[in-house]
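Participant: Pasting in a structure now, in structure tokens, and then I'll have a few things to ask.
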Amino acid sequence: MSDRSECTTLTAAEASRRLARREFSARELTDAHLARIEEVEPAVHAYLHVMADVARTQADTADKRIAAGDTTPLTGIPIALKDILCTVDAPTTAASRILEGYRSPYDATVVRRLREQGAVFLGKTNTDEFAMGSSTENSAFGPTRNPWDTSRVPGGSSGGSAASVAAEEAMLALGSDTGGSIRQPAGFCGVVGMKPTYGRVSRYGLIAFASSLDQIGPFARSVEDAAILLGAIAGHDSFDSTSLTAAVPDYLAGFREDLRGVRVGVAREYIVEGMEPGVDGAVKGAISHLESLGAELVEISLPHTEYALATYYVTAPAEASANLARFDGVKYGLRLEEPTLLATYERTRGEGFGSEVKRRIMLGTYALSSGYYDAYYVKAQKVRTLIKKDFEEAFEKVHVIAAPTSPTVAFPLGARTDDPYQMYLADVFTIPANMAGIPGIAVPCGFSDGLPVSLQLLGKSLDESTILAVAHAYERATGWNRHRPTTVAGLNV
């Protein structure tokens, strides 16, 4: 077997090729990752539940498939799953006390598809409670720390998934993106993260936050890996009424060496007050690099972008208010018994939900209440339509839009927990794509003060192929994705 530390640094595509050549087994690859998890989890806390026994059993099965020549690109590849994806063989808690220890009777569709592909599940990763947050500090089971600097946040809400890939505790991971919860933590942790088009990936078995916004997507250490994982989970699902029937292309087939003929839109609205100079410089440098690869830069305008944040924080809490009504202590999860049903509801929900979840439930309930529904929720949907129209008009002129992923690098733990508005601003560049339902990818593009900076590429609906191709060309030309965090690597915590 190759050196254990080398096994955990490979990309999934590299590991798949080496598994096929029998340079190591899926069991050895899995054991290397489980050892890595044991080594660095005290510092990072990326996982809520490690599925060691399940992983080893799956790895042994994968080795039999490899020996029989019955493989896919994900056979034997160790993957982490955000703990809002239902799994039959591990708890699904959404990082909430109200679901502590809950076992789902079924798998999410994406989980089932990965099982069929022969993937190995390392465990369930930490998240902001019910995916509500931008820092993974809202987890009821403690925060995840950024592998680049363990005094800082990994981003959120999929911070555990992002950190697991960055810290070499998983080769790939799945997260969910409601307002940036894949792209923003990918940016903070220096990995690749992608939000597909709304409806491209089934949401069946995803514990819902905001049903018109949520989308499952991949984390990876390379664009190639992200494309492979997306291809495995995408496609129509009859269990999800919002699932699109569009055919899933071969995402790798569109990869190219240069960007000649590609028009890249640069929107003036993505230059905002409070953007850190180091982030601004790295992103501008990345956009210039796209031009050096042959792309044509086109100035565009997305005039309603400035309203996206406010629109989101009416829409998402309103949908959360409806979705989270099912957690009442009656059918499943936490139940704190009181003499009356109403008192049982109040105590169960009062002690089971954390403060951020309560805040959003109250905001959403208010926005949906009699006399305010038209003034808030309906008006937000009208503005959302305008945001979507802005993107549609822009994509008549350009193939992709380039922007920062976040206005800052990863901020210190605790720095924004008492200031919800500043916390929400961490997603100011990612939210518009969710409001419009379009795909977006975050790729590493440099560093500021020793912390990763990320470039975001947005594409038109169902055109993941183009943004993956542009991201891959940029990645190959720059190599930023090959940088690894040294803090956790040396256990300097």
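The values are calculated or read from the model by the stated rules, or taken from the named source; none is laboratory data. All values derive from a computational prediction rather than experimental measurement. Quick reminder, even Gly has a Cβ in these numbers, built from the backbone with ideal geometry, and neighbours come from all protein chains shown.
Participant: Would you pick out the residues in the range 356-378 that are free of Cβ contacts under 8 Å to residues at least 60 places away in the same chain and assigned to a helix (DSSP H, G or I)? Talk me through it step by step, then tell me what you get.
Facilitator: Within the range 356-378, the subset free of Cβ contacts under 8 Å to residues at least 60 places away in the same chain is 358, 361-375, 378.
If the condition is that a residue be free of Cβ contacts under 8 Å to residues at least 60 places away in the same chain and assigned to a helix (DSSP H, G or I), then Lys358, Ile361, Met362, Leu363, Gly364, Thr365, Tyr366, Ala367, Leu368, Asp374, Ala375, Val378 are the ones that fit.
Participant: Which pairs turn up if I take residues in the range 222-243 that are within 16 Å of Arg476 (Cβ to Cβ) and look for partners that are among the small types (Gly, Ala, Ser) and outside any helix (DSSP H, G or I) with beta carbon separation below 7 Å, at least 6 apart in sequence or on another chain?
Facilitator: Sorted first by the residue in the range 222-243, then by its partner, the pairs are Ala226/Ala220.
Participant: Within the range 317-355, work out how many residues are over 23 Å from Leu213 (Cβ atoms) and among the aromatic types (Phe, Trp, Tyr).
Facilitator: Total satisfying the criteria: 2.
Participant: Looking at Arg22, Arg56, which one is charged (D, E, K, R) and either part of a loop (DSSP other than H, G, I, E, B) or within 19 Å of Pro154 (Cβ to Cβ) (or both)?
Facilitator: Values: Arg56 fails: either part of a loop (DSSP other than H, G, I, E, B) or within 19 Å of Pro154 (Cβ to Cβ) (or both).
Within the list Arg22, Arg56, the selection yields Arg22.
Participant: Regarding Thr408, is this residue out of contact with any Ser or Thr (no Cβ under 8 Å at 6 or more places or on another chain) and of a type in the set (Val, Ile, Thr)?
Facilitator: Yes.
Participant: Can you spot a residue in the range 272-283 that is of a type in the set (A, V, I, L, M), surrounded by 18 or more Cβ atoms within 10 Å (Cβ to Cβ), assigned to a strand (DSSP E or B) and on the phi < 0 side of the Ramachandran plot?
Facilitator: No, because not a single residue in the range 272-283 is of a type in the set (A, V, I, L, M), surrounded by 18 or more Cβ atoms within 10 Å (Cβ to Cβ), assigned to a strand (DSSP E or B) and on the phi < 0 side of the Ramachandran plot.
Participant: Another one. Scan the range 60-72 and give yes if some residue there is within 20 Å of Asp225 (Cα to Cα), among the polar types (S, T, N, Q) and either touching a Pro at 6+ places or on another chain (Cβ under 8 Å) or surrounded by 21 or more Cβ atoms within 10 Å (Cβ to Cβ) (or both), otherwise no.
Facilitator: No, because not a single residue in the range 60-72 is within 20 Å of Asp225 (Cα to Cα), among the polar types (S, T, N, Q) and either touching a Pro at 6+ places or on another chain (Cβ under 8 Å) or surrounded by 21 or more Cβ atoms within 10 Å (Cβ to Cβ) (or both).
Participant: If a residue must be surrounded by 15 or more Cβ atoms within 10 Å (Cβ to Cβ) and on the phi < 0 side of the Ramachandran plot, how many such residues does the range 318-334 contain?
Facilitator: Here is the first cut: in the range 318-334, the ones surrounded by 15 or more Cβ atoms within 10 Å (Cβ to Cβ) are 318-324, 327-329, 332-334.
Add one more test, that the residue is on the phi < 0 side of the Ramachandran plot, and what stays is 318-324, 327-328, 332, 334.
Counting residues in the range 318-334 that are surrounded by 15 or more Cβ atoms within 10 Å (Cβ to Cβ) and on the phi < 0 side of the Ramachandran plot gives 11.
Participant: Which of the following residues is in contact with a helix residue (DSSP H, G or I) (Cβ under 9 Å, 6 or more places away or on another chain) and in a loop (DSSP other than H, G, I, E, B): Pro317, Pro339, Pro303?
Facilitator: Residue meeting the stated conditions: Pro303.
Participant: Within the range 66-80, can you find the residues that are of a type in the set (Gly, Ala, Ser), touching a residue at least 60 places away in the same chain (Cβ under 8 Å) and farther than 15 Å from Cys7 by Cα? First the steps, then the outcome.
Facilitator: Of the residues in the range 66-80, the ones of a type in the set (Gly, Ala, Ser) are 67-69, 76, 80.
With touching a residue at least 60 places away in the same chain (Cβ under 8 Å) added as a condition, the list becomes 76, 80.
The answer is Ala80, and nothing else.
Participant: Find all pairs meeting these conditions: Cβ atoms under 8 angstrom apart; at least six residues apart or on different chains; first residue within the range 295-307 and among the aromatic types (Phe, Trp, Tyr); second residue surrounded by 21 or more Cβ atoms within 10 Å (Cβ to Cβ).
Facilitator: Tyr307/Ile387
Participant: Check whether at least one residue in the range 312-331 is modelled with pLDDT of 95 or more, of a type in the set (Val, Ile, Thr), out of contact with any strand residue (DSSP E or B) (no Cβ under 6 Å at 6 or more places or on another chain) and under 30 Å from Glu137 (Cβ atoms), and report yes or no.
Facilitator: yes
Participant: Can I ask one more? For Ala227, only one of the following conditions fails: (1) of a type in the set (Gly, Ala, Ser); (2) over 18 Å from Ala94 (Cα atoms); (3) assigned to a loop (DSSP other than H, G, I, E, B). What is its number?
Facilitator: Against the list (1) of a type in the set (Gly, Ala, Ser); (2) over 18 Å from Ala94 (Cα atoms); (3) assigned to a loop (DSSP other than H, G, I, E, B), Ala227 comes up short only on (3).
Participant: Would it be correct to say that Gly235 is out of contact with any Gly (no Cβ under 6 Å at 6 or more places or on another chain), under 16 Å from Ala471 (Cα atoms), surrounded by fewer than 19 Cβ atoms within 10 Å (Cβ to Cβ) and of a type outside the set (S, T, N, Q)?
Facilitator: Working: out of contact with any Gly (no Cβ under 6 Å at 6 or more places or on another chain): yes; under 16 Å from Ala471 (Cα atoms): no; surrounded by fewer than 19 Cβ atoms within 10 Å (Cβ to Cβ): yes; of a type outside the set (S, T, N, Q): yes.
So Gly235 does not fit the description; no.
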